[in-house]
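The values are calculated or read from the model by the stated rules, or taken from the named source; none is laboratory data. Just so it is clear, the structure is predicted and the values come from calculations on it, not from any experiment. With ideal geometry, Cβ positions are generated from the backbone for all residues, glycine too; neighbour counts draw on all protein chains shown. Areas reflect the complete protein model, heavy atoms only, side chains present, ligands, DNA and RNA absent. Shrake-Rupley method; radii C 1.70, N 1.55, O 1.52, S 1.80 Å.
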Amino acid sequence: MEENKVENKGAPEEEQVQTPEPVFALDIGTRSIIGIVGAQEKDLFSVWAVAQEEHTQRSMIDGQIENVDQVAATADIVRKRLEKKLGFPLKNVCVAAAGRALKTQKASFEMELDPKALITRRQVFELEMGAIQQASSDVGTGEQAGEQPLYCVGHSVMRYYLDDYPISTLINHRGRKAKVEIIATFLPTEVVESLYTAMSKIGLSVASITLEPIAAMNAIIPQELRMLNLALVDIGAGTSDIAISDGGCVTAYTMATVAGDEISEAVVKEYLVDFETAEKMKLALSNHVEKISYTDILGFSYTVSPAEIMEKLAPASENLGTVIASKILEVNGKPPAAVFMVGGGSQLPQLCRLVAQKLSIDENKVAIGGNNYMKRMVTGEQEVSGPEYATPMGIAITAMLSQESSSFSVSLNGRKVMLFKGSSATVMDLLIMCGYRQNQIIGRSGKSINYELDGKKMTARGGHPTAAVITVNGQSANISTPLHMNDQVLVAEAVQGADAAPVLSELVPGWKQFYVSLNGSQMFAGAIAFVNGVPADGDRRIGNLDSVQTHRVETLADLCMEAGLKTGQYSFVVNGKAQSDDYRLAPGDEIRYFPLVEVRPVPQQQAALIPEPDDLEQKPAEEQNDRTIRIILNGRSAELVPKEDHTPYLFVDMLNFVDIDPTKPQGDIILRLNGRDASYLEVVHDGDSVDIYWDKTQRKPMDTASGLFR
């Protein structure tokens with residue numbers, strides 16, 4: 001900033017000194033907002049100015065912003081006071097998200113490998129993404145109705161495994177199976193976005209964001225003490241945030257839903273005062289006054305001793321101590337070596353003793369934190385050693401140290417996003433934080449369909465995916481590309497491979513299906529298929545584990561089998577022409593079949609017994625079909641016994657009784673009935689004269705419309 005340059009006019013240009021960039025930390029609490037401005041001075045944080053302002057109404061509930069406009073207005077008051085003290089404007093701010101909304105989840109994921117190929121960074125990414133998705137599923141990412149969606153703000157790899165053996169890195173190794181164990185951290189998007197909105201309303205840009213428990217831990221418990229199993233409890237107005245250290249790192253976070261407001265509410269009930277008066281009475285308890293005066297809601301004034309108030313608050317105080325202790329034991333599994341209490345609520349008399357009792361540890365092992373260790377990290381004339389300054393100082397110190405929890409802003413598809421991983425952030429970290437899943441980045445192959453075709457196991461493969469297209473500042477990038485302040489990242493999501501959706505006609509080789517007419521009934525011909533035992537058309541969609549059985553109906557003989565007719569017992573006329581049973585079917589064929597019947601020649605002496613046609617016409621048709629028919633066939637008398645199905649004889653049936661094969665033509669076939677040209681489908685009556693023979697002298701054209709030979 002130009003305002004912060006200190007110029008020594010008597011020194012050469014290269015010796016001119018520029019003061020460090022100031023850090024503006026803002027702790028947005030449930031009861032008040034505290035602002036601290038300072039800068040790094042050697043290894044310490046030098047405090048330049050401090051300001052504090054209480055909310056005029058309950059615009060924060062349990063550490064989360066409820067009224068964005070009101071919180072922004074209060075924050076603006078704090079900022080302006082600091083600017084007045086400093087003499088220059090503040091444009092960037094460091095904030096912290098409420099620890100009560102933090103969720104952590106351990107998860108693992110494993111995948112099969114090609115033992116002949118080296119493990120790549122892409123495979124490691126897929127492995128970690130699988131674990132993150134498992135953690136998201138286990139923690140519950142807000143997909144249920146009414147819940148806030150959660151974003152993963154970071155993850156840490158605990159251990160890799162290769163073929164079940166622990167290994168520090170997988171890249172460029174070979175094996176059959178890889179596994180990863182991680183710890184993932186999640187925050188509701190509401191928490192982060194409400195902070196950004198409130199700050200933007202007063203013209204402040206969020207320079208970094210951390211988590212409140214991490215900030216308090218950085219201020220109170222230095223890195224060298226984290227080898228010890230310690231608990232830090234930040235008791236605010238709405239929640240009590242808890243962080244646990246052990247083995248040199250922070251091992252767990254949790255929160256209790258009871259805090260300072262529960263004590264204030266107990267004062268309200270016991271003394272019939274409004275909430276603001278109760279807050280003042282509670283604050284007086286920690287100031288060691290002899291008497292506390294107040295006026296109740298009825299207008300009566302009273303004076304009581306702190307001891308009397310503490311006696312009436314004993315149940316609420318004991319409940320607070322019990323809940324804090326139980327939460328510590330829940331995440332730590334045992335009593336810690338010591339407990340540091342910070343935050344405004346930590347100053348409640350006897351609270352440290354109550355927590356020690358509930359943890360079954362020495363009372364001297366639970367103490368209010370602040371003075372001892374903040375002095376090691378803070379310098380300046382401002383007094384900020386009290387426990388209420390643990391979080392705002394922690395925010396400032398965290399920003400100063402640029403630790404892993406600090407952040408900077410980038411743009412993702414036009415939306416400003418803060419990254420939590422500092423200078424080590426990559427595109428992968430950005431996408432994970434913004435809720436991207438593996439299939440949005442790498443894509444997934446379409447689902448395959450497994451089915452059975454004529455007894456053989458078959459698979460229809462899904463389509464291949466297209467990976468996401470990533471650019472950083474207009475240049476092609478990938479998930480490993482490092483990110484820096486104000487980078488512009490564009491991501492076109494991966495295109496998923498299409499799920500296999502085969503239809504029957506695509507799966508059966510040489511598929512062709514059509515209809516023919518058999519004695520007036522429509523039947524399938526060509527490829528005949530059954531799916532799970534049910535007849536199916538060619539456009540039938542095949543599903544997973546379907547069973548397909550097929551056979552072919554390509555000739556008249558095949559059609560007979562399909563219709564349940566015995567071959568060799570029928571004659572066939574196809575489209576008006578007699579055909580043998582090896583005729584190959586075509587779409588739209590009109591087919592009629594006729595049973596082959598017995599023919600007995602009539603003795604000559606009985607020929608005169610053939611009745612006249614006039615006599616036959618006097619008998620019902622049914623009666624005529626049930627008696628022996630006597631005809632003249634090619635000049636000889638013959639009799640036709642009744643058919644089993646009682647249907648009349650057609651001219652085409654006469655082909656069964658003459659030595660003529662229509663499939664082996666020897667000229668034009670002559671069909672005559674009672675001296676005139678006939679068609680195959682004419683009915684033959686008792687007494688008719690039928691002539692069927694080859695005319696080898698000339699061929700007569702056929703009238704295709706009537707089916708008659710001219």
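Identify the GluC sites (Glu not before Pro) of segment 289-356 meeting these criteria: DSSP loop state and at most 14 other C-beta atoms within 10 Å of the C-beta.
290
Sorted by accessible area with a 1.4 angstrom probe, largest first, how do 452, 128 fall? Walk me through the intermediate numbers first.
On the way: 452 50, 128 20 Å².
Greatest to least solvent exposure: 452, 128.
Quick one: net charge of residue 354's neighbours, Cβ under 13 Å, K/R +1, D/E -1? The partial results should precede the final answer.
Details: positive: 353, 358; negative: 318, 363.
Around residue 354, the surrounding residues sum to 0.
Ordering 341, 523 by how much accessible area each has at a 1.4 Å probe, largest first, what is the list? List each step's numbers first, then the result.
On the way: 341 0, 523 40 Å².
Putting 341, 523 in descending order of accessible area: 523, 341.
For segment 213-222, in order, what is each residue's ³J(HN,Hα) by Karplus, 6.51 cos²θ - 1.76 cosθ + 1.60 with θ = phi - 60°, in whole Hz (x at glycine and Pro)?
Residue by residue, segment 213-222 yields x, 5, 4, 4, 5, 5, 7, 9, 10, x Hz.
As an exercise, use a Förster radius of 60 Å and the Cβ-Cβ distance of residue 499 and residue 275 to find the FRET efficiency, rounded to the nearest 0.05. Mind showing how you got there, number by number?
On the way: r = 59 Å, r/R0 = 0.98.
It comes to 0.55.
Run the simple label-point estimate for residue 197 and residue 367 please: 7 Å along Cα→C-beta, distance reported in nm.
Rounded to a tenth, the inter-label distance reads 4.4 nm.
Tell me, what is the percent relative contact order of segment 318-366, built from C-alpha pairs under 8 Å that lie six or more residues apart? Working shown, then result.
Working: 42 pairs, mean separation 23.3, N = 49.
Reported as a whole number, the value is 48 percent.
Using a Förster radius of 25 Å, what is the FRET efficiency between residue 138 and residue 440 based on their Cβ-Cβ separation? Nearest 0.05, please.
Details: r = 20 Å, r/R0 = 0.79.
So the FRET efficiency works out to roughly 0.80.
What does the extension gain come out to for residue 486 and residue 469, with contour length at 0.36 nm per residue minus their alpha carbon separation? Working shown, then result.
On the way: separation 17, 0.36 × 17 = 6.12 nm, distance 1.97 nm.
Contour length minus the Cα-Cα distance gives 4.2 nm.
Between residue 659 and residue 415, how many nm apart are label points set 7 Å from Cα along the C-beta direction?
Each label point is offset 7 Å from its Cα along the Cβ direction, giving 9.4 nm.
Using θ = phi - 60° and the Karplus form 6.51 cos²θ - 1.76 cosθ + 1.60, what ³J(HN,Hα) does each residue of segment 22-30 get, whole Hz, x for Gly and Pro?
Working through the residues one at a time gives x, 10, 10, 9, 10, 9, 8, x, 5 Hz.
Any idea which of 449, 470, 431 is furthest toward the positive side of the dipole for segment 423-476, if Lys and Arg beta-carbons carry +1 and Asp and Glu beta-carbons -1?
Among 449, 470, 431, the one farthest towards the positive end of the dipole of segment 423-476 is 449.
Leaving ligands and nucleic acids out of the surface, order 194, 521 by accessible area at 1.4 Å, largest first. Don't skip to the answer; put the middle values down first.
On the way: 194 10, 521 65 Å².
Solvent-accessible surface, decreasing: 521, 194.
Using alpha-carbon pairs under 8 Å, 6+ residues apart, how would you state the relative contact order of segment 177-268 in percent?
On the way: 98 pairs, mean separation 16.6, N = 92.
Across segment 177-268, relative contact order equals 18 percent.
Can you tell me, using C-alpha contacts under 8 Å and at least 6 residues apart, the relative contact order of segment 442-563 as a whole percent? Mind dumping the intermediate values first?
On the way: 235 pairs, mean separation 32.4, N = 122.
Here the relative contact order equals 27 percent.
For residue 676, what accessible area in Å² do you get when you roll a 1.4 Å probe over the heavy atoms of the protein chains, rounding to the nearest 10?
Answer for residue 676: close to 110 Å² accessible.
Rounded, prolate or oblate: which one fits segment 239-338, using the alpha carbon gyration tensor with axes a ≥ b ≥ c (rounded when a/c is under 1.5, else prolate when a/b beats b/c, else oblate)? Walk me through the intermediate numbers first.
On the way: a/c = 3.14, a/b = 2.71, b/c = 1.16.
Judged from the Cα gyration tensor, segment 239-338 comes out prolate (a/c at least 1.5, a/b above b/c).
If amide hydrogens are placed 1.01 Å from N in the peptide plane, which non-local residues have theirs closer than 5 Å to the one on residue 23?
Close amide H contacts, sequence-distant or interchain: 38, 39.
Under 12 Å from the Cβ of residue 68, count the other residues' Cβ atoms, weight Lys and Arg +1, Asp and Glu -1, and hand me the total. Display every interim value, and only then the final one.
Values: positive: 201; negative: 66, 69, 190, 193.
My count for the surroundings of residue 68 gives -3.
Report the calculated FRET efficiency for residue 41 and residue 224 (r = Cβ-Cβ distance, R0 = 22 Å), to the nearest 0.05.
Numbers: r = 21 Å, r/R0 = 0.94.
Efficiency for this residue pair is about 0.60.
Under 5 Å between amide H atoms, partner at least 5 residues away or on a different chain: which partners does residue 426 have, H built in plane at 1.01 Å?
Amide H neighbours of residue 426: 483.
Quickly rank 498-505, 530-537 as a protection proxy: mean count of other C-beta atoms within 10 Å, highest first. Don't skip to the answer; put the middle values down first.
Working: 498-505: 16.4, 530-537: 13.0.
Peptide ranking by packing, descending: 498-505, 530-537.
Could you check the simple spin-label distance between residue 511 and residue 57, using points 7 Å along Cα→Cβ, in nm with one decimal?
6.8 nm
Hey, got a sec? Which trypsin sites (Lys or Arg not before Pro) in segment 273-348 land in a DSSP loop and have at most 13 other Cβ atoms within 10 Å? Walk me through the numbers before you get to the answer.
Values: sites: 280, 282, 291, 312, 327; in loops: 291.
Of the trypsin sites (Lys or Arg not before Pro), the ones in loops of segment 273-348 whose Cβ has at most 13 other Cβ atoms within 10 Å are 291.
Taking θ = phi - 60°, what integer Hz values does the Karplus form 6.51 cos²θ - 1.76 cosθ + 1.60 yield along segment 485-497, in sequence order, with x for Gly and Pro?
In residue order, the calculated couplings are 3, 6, 4, 9, 10, 10, 10, 9, 4, 4, 9, 6, x Hz.
Highest mean first, how do 225-236, 296-307, 464-475 rank when packing is the count of other Cβ atoms within 10 Å averaged over residues? Numbers along the way, then the final one.
Values: 225-236: 22.8, 296-307: 10.8, 464-475: 14.7.
The packing order, highest mean first, is 225-236, 464-475, 296-307.
State the extension gain, in nm to one decimal, for the chain segment bounded by residue 666 and residue 291, taking 0.36 nm per residue of separation less the distance between their alpha-carbons. Mind showing how you got there, number by number?
Numbers: separation 375, 0.36 × 375 = 135.00 nm, distance 13.57 nm.
Extending this stretch completely gives an extra 121.4 nm.
Here is the link list: 280/312; 456/512; 327/365; 85/280; 512/664; 291/312. Which ones come out longer than 24 Å on Cα distance? Don't jump to the answer; show the numbers that get you there.
Values: 280/312 16 Å; 456/512 21 Å; 327/365 17 Å; 85/280 28 Å; 512/664 29 Å; 291/312 15 Å.
Cα-Cα > 24 Å for 85/280; 512/664; rest within.
Quick one: net charge of residue 558's neighbours, Cβ under 14 Å, K/R +1, D/E -1? List each step's numbers first, then the result.
Working: positive: 512, 552, 566, 584; negative: 554, 562, 581, 582, 589.
Net local charge, residue 558 excluded: -1.
Under 1.5 on a/c is rounded, so check that first for segment 177-268, then, if it is not, pick prolate when a/b is larger than b/c and oblate when it is not; a ≥ b ≥ c are the square roots of the alpha carbon gyration tensor eigenvalues. Present the calculation step by step, with values, prior to reporting the outcome.
Details: a/c = 1.80, a/b = 1.19, b/c = 1.52.
Oblate, since a/c reaches 1.5 and b/c is not below a/b.
Skipping prolines and chain starts, which residues have an amide H placed within reach, meaning under 5 Å, of the one on residue 669, given they are 5 or more residues away or on another chain?
Amide H neighbours of residue 669: 695.
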